[in-house]
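No value in this document is a laboratory result; all are computed from the given coordinates. Remember, it's a predicted structure, so these values are computed and weren't measured experimentally. We place every Cβ from the backbone using ideal geometry, glycine too, and count neighbours over all the protein chains shown.
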């Protein structure tokens, strides 16, 4: 039996959202009862210990504010749900086994009320969401691209695309993997190379089809190639170090470089290229990539944002264009790159 749950923002007028998980009242007979009943939420393979309040017969059972992992790490429900790409009014389903609830399905990722998205609020103490500050003065702003309607001049809209829409357009698994990269890559940068496991995951993030080829590279070869790419002072040398690996063409090389050096390398991607208004993409042309990279860096610099934010915004904007005739699809998990 699947247990239905939904996410509500219990403080919509505060500087940051407070997302709470409620269970459908019709499931009360099978849900553990108690004022602080211990339960476990299995969210995409991560076990979170929580406390459930289900004593009031007129209210829906709900999970209290804090979650704790098996290793003792403690997080607010809000932060965990935001990292899963959920917004207010999200709907989820759990498989229940006693006091264990395993997330089985996200039926609706939710939507923020106008002005209610995290980046649109004034960040409060301790918040991890992005606050919107004025863009730095633009110097030498290039002419507006007339072949695409991407909001190049609207910093707030770029942040909305990157911080909200992007996470609604990717699956729970993909969101979890991207968050994992954010945690693991600082360690890899410090070491100066990628392990085979991390290299294969980054490659799969860009192109699943080449997985057997990625895996055919041995550990030593991967470490050597990625170390040379890390250390390269020339973009072409960094790219050639990675394309020497089996399965890695230019687009995958730029994706790996993007995570290795997020301050320098944008991703060459079909949706990014389309959002920039390039009519004839040349996906194996390094000169073409350098042209794209220059435009993306310029856009990031113009608004004082990082390349990851710009990549997410460009990707999400173009992806949403394919759904403009059926906006309901914007809340459905869809394949990424």
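For the chain, set up a Gaussian network in which alpha carbons nearer than 10 Å are linked by springs, and say which option among 244, 175, 293 fluctuates the most.
Evaluated over the chain, the most mobile residue of the options is 244.
Gaussian network model of the chain, Cα springs within a sub-10 Å range: biggest mean-square fluctuation belongs to which of 218, 71, 24?
71
For the chain, find the longest principal axis of its Cα atoms and tell me its angle to the long axis of helix 250-260, 0 to 90°, nearest 10.
Taking the Cα atoms of the chain, the angle to 250-260 is about 60 degrees.
What fraction of the DSSP beta bridges in the chain is antiparallel, stated in percent and rounded to the nearest 5?
That works out to approximately 90 percent antiparallel.
Report the relative contact order of the chain, percent, no decimals, based on alpha-carbon pairs under 8 angstrom and at least 6 residues apart.
Reported relative contact order: 15 percent.
Can you sort 147, 58 so the residue with the fewest Cβ neighbours within 10 Å comes first?
Starting with the residue having the fewest Cβ neighbours, the order is 58, 147.
Just rank 23, 193, 199, fewest to most, by other beta-carbon atoms within 10 angstrom.
193, 23, 199
Could you work out [θ]222 nm for the chain from helices alone, using -39500 (n - 2.57) per DSSP H run of at least four and dividing by all its residues? Round to the nearest 500 deg cm²/dmol.
Here the helix-only value at 222 nm equals -11000 deg cm²/dmol.
Most fluctuating residue of 172, 159, 264 in a GNM of the chain with Cα springs under 10 Å: which is it?
Among 172, 159, 264, the largest mean-square fluctuation in the Gaussian network model of the chain belongs to 264.
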